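Only one structure is covered here, and it is reproduced in the block below.
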Amino acid sequence: MSRKAVLEVRELETTFFSDSGKVAAVDRISFSIHEGEILAIVGESGCGKSVTSLSIMGLVPSPPGKITNGEILLKGQDISKLSDKQMRKIRGNEIAMIFQEPMTSLNPLFTIGNQLIEAIRIHHPKWSKKEASARAVEIMKLVGLPRAEQLLKDYPHQLSGGMRQRVMIAMALVCNPKVLIADEPTTALDVTIQAQILKLMRDLNERLNTAVLLITHDLGVVAETCERVIVMYAGQIVEEAPVNEIFKNPQHPYTKGLIQSVPDMRYKKDTLYSIPGNVPKPGSILEGCRFAARCEYAFDRCLTNNPPLYESSGTHKARCFLLDMEEGGVTHVESAAES
Ligand code: SF4
């Protein structure tokens with residue numbers, strides 16, 4: 001890909017400390033996202049997706065959490081080492097985030113206008129109220145909100161779920177961030193509104209060239225929206241590939257299970273497939289492949305060694321020993337991952 005990387009995450013480890021010990025919720029992951037790209041991070045709850053996004057935003061609750069290794073490079077600058085004060089300048093300006101449930105992110109006591117105009121003036125302190133108000137109307141129109149001037153006077157409870165999420169997207173885009181992180185942005189919405197919000201995110205990504213990191217558990221959303229996918233399991237990246245490639249040729253048994261779990265309306269089935277078992281508690285697996293207890297292909301080596309990432313093509317990697325046994329050759333892209 002010839003586009004420039006705007007965000008590079010290198011060997012990121014985020015650890016939570018408690019009386020009973022320490023747990024790496026994100027365990028040395030590396031990836032990058034390019035200008036204008038939509039990249040998805042997929043996995044079940046507890047896989048480390050949201051801790052990854054909070055680490056990038058500098059919002060990991062500390063204590064008990066802390067970034068304990070690695071770098072997060074935003075246009076070459078390592079933002080993981082910045083102070084809270086320095087990060088406040090980055091958040092909103094350079095990287096913005098939209099959350100799953102807009103009602104919990106909007107203050108019910110203030111009008112949409114109050115909240116949007118305040119967000120604008122935090123980043124543009126010299127702007128007058130009139131200028132900020134004009135920008136608020138402009139950005140609300142950009143995200144497809146009708147009657148923008150009237151909506152500024154409304155309170156969050158007067159808006160539908162889809163409109164509230166559009167307001168959150170407007171708030172995130174106020175300063176034209178280079179990277180937009182969307183953490184399960186459509187989970188709380190019904191299906192038709194979900195489709196509208198995804199289309200809006202794709203349109204904005206094309207028009208503004210904003211890189212979007214989409215955190216989701218829903219592979220249907222990934223298929224419709226993204227160019228590239230990272231699959232996370234138990235704190236690690238287990239597969240990474242372009243979206244078409246991952247649906248055509250998934251290589252990790254966990255990815256195959258996730259794809260099989262997507263309901264397909266063309267075929268009537270009595271029961272939907274689900275991957276057996278649950279995501280292990282962070283830190284509970286001390287040796288072997290973290291997916292072994294749920295994997296139908298597990299063999300002896302999987303119980304004692306943690307597989308490295310194998311590269312089957314320049315754009316496709318997966319963390320599974322089965323790839324080491326395939327003819328045609330794969331390349332280790334991690335040197336000392338086996339334990
Ligand atoms: Fe399954 Fe073994 Fe591959 Fe892990 S390494 S996903 S247990 S086959």
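Using θ = phi - 60° and the Karplus curve 6.51 cos²θ - 1.76 cosθ + 1.60, what whole-Hz ³J(HN,Hα) does each residue of segment 72-83 get, with Gly and Pro shown as x?
So the J values, rounded to whole Hz, are 10, 9, 9, 6, x, 9, 7, 7, 6, 9, 6, 6.
Based on the mean of other beta carbon atoms within 10 Å per residue, what is the order of 150-156, 124-130, 294-300, 251-257, most packed first? Write down the numbers at each step before the final one.
Numbers: 150-156: 16.1, 124-130: 10.3, 294-300: 13.9, 251-257: 22.7.
The peptides rank, most packed first, as 251-257, 150-156, 294-300, 124-130.
Using 1/(1 + (r/R0)^6) with R0 = 35 angstrom and r between the beta carbons of residue 284 and residue 77, what's the FRET efficiency to the nearest 0.05?
Using R0 = 35 Å, I get an efficiency of 0.45.
Could you tell me whether the chain comes out rounded, prolate or oblate from its Cα gyration tensor? Rule is a ≥ b ≥ c as square roots of the eigenvalues, rounded for a/c under 1.5, then prolate if a/b exceeds b/c, otherwise oblate. Walk me through the numbers on the way to the answer.
On the way: a/c = 2.00, a/b = 1.62, b/c = 1.24.
Taking the square roots of the gyration eigenvalues as a ≥ b ≥ c, the chain is prolate.
Restricting the count to DSSP beta bridges whose residues both fall in the chain, what percent are antiparallel, rounded to a multiple of 5? Please list the in-between numbers first.
Numbers: 34 of 53 bridges.
If I count the DSSP bridges inside the chain, around 65 percent turn out antiparallel.
Per residue, how much accessible area does the chain have with a 1.4 Å probe, in Å²?
On the way: 16950 Å² over 339 residues.
Counting only protein heavy atoms, the per-residue value for the chain is 50 Å².
Arrange the peptides 175-184, 14-23 so that the one whose residues have, on average, the most other Cβ atoms within 10 Å appears first. Please list the in-between numbers first.
Details: 175-184: 21.1, 14-23: 14.1.
The most tightly packed comes first, giving 175-184, 14-23.
Taking the chain as a whole, which cysteines find no other cysteine Cβ under 4.7 angstrom from their Cβ?
If one checks each Cβ against the other cysteines of the chain, 47, 175, 226, 295, 320 turn up with nothing under 4.7 Å.
Given R₀ = 25 Å, what would the calculated FRET efficiency be for residue 324 paired with residue 262, taking r from the Cβ atoms and rounding to 0.05?
Values: r = 28 Å, r/R0 = 1.12.
E(calc), rounded to 0.05, equals 0.35.
Helix 161-173: angle to the longest alpha-carbon principal axis of the chain, degrees 0 to 90, nearest 10?
Result, in degrees: 90.
Please list 3J(HN,Hα) in residue order for segment 278-290, calculated via the Karplus relation 6.51 cos²θ - 1.76 cosθ + 1.60 where θ = phi - 60°; whole Hz, with x for glycine and proline.
Here the 3J(HN,Hα) series is 10, 4, x, 4, x, x, 7, 9, 9, 8, x, 5, 5 Hz.
Which one, 79, 43, 23, is farthest towards the positive end of the dipole of the chain when Lys and Arg carry +1 and Asp and Glu -1 on their Cβ?
79
Leaving out ligands, DNA and RNA, what percent of the accessible area of segment 206-261 is carbon and sulfur, probe 1.4 Å? Please list the in-between numbers first.
On the way: 830 of 1920 Å².
On segment 206-261, the fraction of accessible area on carbon and sulfur atoms equals 43 percent.
Would you pull out the residues with amide H under 5 Å of residue 229's amide H, same chain only if 5 or more places away, H placed 1.01 Å from N?
Sorted by chain and number, the residues that satisfy this are 40, 241, 243.
Need one number: nm distance between label points at residue 107 and residue 195, each 7 Å from Cα along Cα→Cβ, rounded to one decimal.
3.7 nm
When ranked by the protection proxy of mean other Cβ atoms within 10 Å per residue, highest first, what sequence do the peptides 37-44, 157-164 form? Please list the in-between numbers first.
Working: 37-44: 23.5, 157-164: 16.4.
The most tightly packed comes first, giving 37-44, 157-164.
Calculate what fraction, in whole %, of the accessible area of segment 1-151 sits on carbon and sulfur atoms when a 1.4 Å probe is rolled over the protein chains.
Details: 4000 of 7680 Å².
Carbon-and-sulfur percentage of accessible area, whole number: 52.
For the pair residue 207 and residue 128, how long in nm is the line joining their label points, each one 7 Å along Cα→Cβ?
2.7 nm
Using label points projected 7 Å from each Cα along Cα→Cβ, tell me how many nm separate residue 299 and residue 85, to one decimal.
Between residue 299 and residue 85, the simple spin-label model gives 5.9 nm.
Between residue 114 and residue 141, what length in nm is gained on full extension when 0.36 nm per residue of separation is reduced by their alpha carbon distance? List each step's numbers first, then the result.
Values: separation 27, 0.36 × 27 = 9.72 nm, distance 1.69 nm.
My answer for the length gained is 8.0 nm.
The values are calculated or read from the model by the stated rules, or taken from the named source; none is laboratory data. Everything quoted here is computed from the prediction, not taken from an experiment. Every residue, glycine as well, gets a Cβ built from its backbone with ideal geometry; the counts of neighbours run over all protein chains shown. The area values use the complete protein model at the heavy-atom level, side chains included, leaving out ligands, DNA and RNA. Shrake-Rupley method; radii C 1.70, N 1.55, O 1.52, S 1.80 Å.
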